[in-house]
Amino acid sequence: MGEIVYLRMKKKLEVKQGTNILLKDIAWISGSEQVLQSIRDQHIYQVKETDHNLAILDSFMLVDQLVKKFPSFEFQQLGPSETIIKIVKNSIKKPSIFLVSVIWLLLFIGAAMAIMNFHYDVSMQEVQQNLHYLLTGDKVTNPLWLQVPYSIGLGIGMILFFNHLFKKRFNEEPSPLEIEMHKYQQELDSYVTYHENELNKKDVIK
């Protein structure tokens with residue numbers, strides 16, 4: 001039995017088109033220093049134009065390649081079984097101020113309409129009028145002493161709920177939006193690792 005080498009593949013890696021990917025780029029390696037020096041710079045994959053935006057490196061293909069190259073070592077894979085290679089373009093376009101402004105305006109109007117429709121459905125103005133009457137005995141159309149603090153509290157509540165004020169975070173807990181985005185990213189990664197994996201593409205019975 002040869003010397004054992006442990007490999008833990010990285011979940012994601014961002015590279016540019018035409019990059020030569022080495023073993024040390026896609027995996028953490030554990031073994032003796034002599035072994036690490038001999039295998040860490042081993043060429044694994046070269047990004048091609050046909051890969052477009054994504055490529056998947058499977059641990060089985062990786063170990064198979066390493067066993068053929070270094071038959072005296074015993075490779076054991078730990079952790080994730082695939083690495084997602086995200087291919088980034090050399091030139092990154094700057095976001096359009098006009099486009100960002102239009103999107104911000106649409107989101108602002110949509111959020112405002114949602115809040116107003118909710119308050120209309122639950123008859124919030126009537127509730128505040130009745131609450132004012134119960135507390136003071138007077139009937140008024142706009143009980144501002146209730147409406148103004150309520151409006152301020154609504155904004156503060158939204159800020160605390162999403163745990164963000166622009167780029168400032170109030171604590172280390174993720175916001176509900178971040179959790180949903182994380183779940184979506186996990187499902188997207190799962191889909192990509194299956195459909196972009198060359199082994200799965202070959203595993204088709206005709």
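Derivation of every value follows stated rules applied to the coordinates shown; laboratory data play no part. Given the structure is predicted, the values throughout are model-derived calculations rather than measurements. Counting neighbours? That spans all protein chains shown, and the Cβs are built from the backbone with ideal geometry, glycine included.
For Q185, are the conditions met, namely being surrounded by 12 or more Cβ atoms within 10 Å (Cβ to Cβ) and in a helix (DSSP H, G or I)? Before you say what the answer is, go through the steps one by one.
Working: surrounded by 12 or more Cβ atoms within 10 Å (Cβ to Cβ): no; in a helix (DSSP H, G or I): yes.
No; evaluated as a whole, the condition is false for this residue.
Confirm whether F108 is exposed (fewer than 12 other Cβ atoms within 10 Å of the Cβ), in contact with a helix residue (DSSP H, G or I) (Cβ under 9 Å, 6 or more places away or on another chain) and not in a loop (DSSP other than H, G, I, E, B). Break it down stepwise before answering.
Working: exposed (fewer than 12 other Cβ atoms within 10 Å of the Cβ): yes; in contact with a helix residue (DSSP H, G or I) (Cβ under 9 Å, 6 or more places away or on another chain): no; not in a loop (DSSP other than H, G, I, E, B): yes.
Spelling it out, it is not the case that F108 is exposed (fewer than 12 other Cβ atoms within 10 Å of the Cβ), in contact with a helix residue (DSSP H, G or I) (Cβ under 9 Å, 6 or more places away or on another chain) and not in a loop (DSSP other than H, G, I, E, B).
Can you name every residue in the range 60-72 that is surrounded by 17 or more Cβ atoms within 10 Å (Cβ to Cβ) and of a type in the set (G, A, S)? Across the range 60-72, there are no qualifying residues. Looking only at the range 73-105, residues that are under 30 Å from D41 (Cα atoms) and surrounded by 10 or more Cβ atoms within 10 Å (Cβ to Cβ) come to 16 in all.
Of all the listed residues (E82, E126), the sole one being of a type in the set (D, E, K, R) and more than 31 Å from the chain's Cα centre (by Cα) is E126. Would you confirm, using the coordinates I've provided, whether H132 is out of contact with any Ser or Thr (no Cβ under 8 Å at 6 or more places or on another chain), without any contact (Cβ under 8 Å) to a residue 24 or more places away in the chain and under 30 Å from E82 (Cβ atoms)? Answer is no for this residue.
Answer yes or no as to whether V63 is under 29 Å from the mean Cα position of the chain (by Cα), over 14 Å from I85 (Cβ atoms) and not in a loop (DSSP other than H, G, I, E, B). Full working, then the answer.
Values: under 29 Å from the mean Cα position of the chain (by Cα): yes; over 14 Å from I85 (Cβ atoms): yes; not in a loop (DSSP other than H, G, I, E, B): yes.
For V63, the condition - under 29 Å from the mean Cα position of the chain (by Cα), over 14 Å from I85 (Cβ atoms) and not in a loop (DSSP other than H, G, I, E, B) - is met.
Restricting the range 1-44 to residues that are assigned to a helix (DSSP H, G or I) and in contact (Cβ under 8 Å) with a residue 12 or more places away in the chain leaves a set whose member that is surrounded by the fewest Cβ atoms within 10 Å (Cβ to Cβ) is K24.
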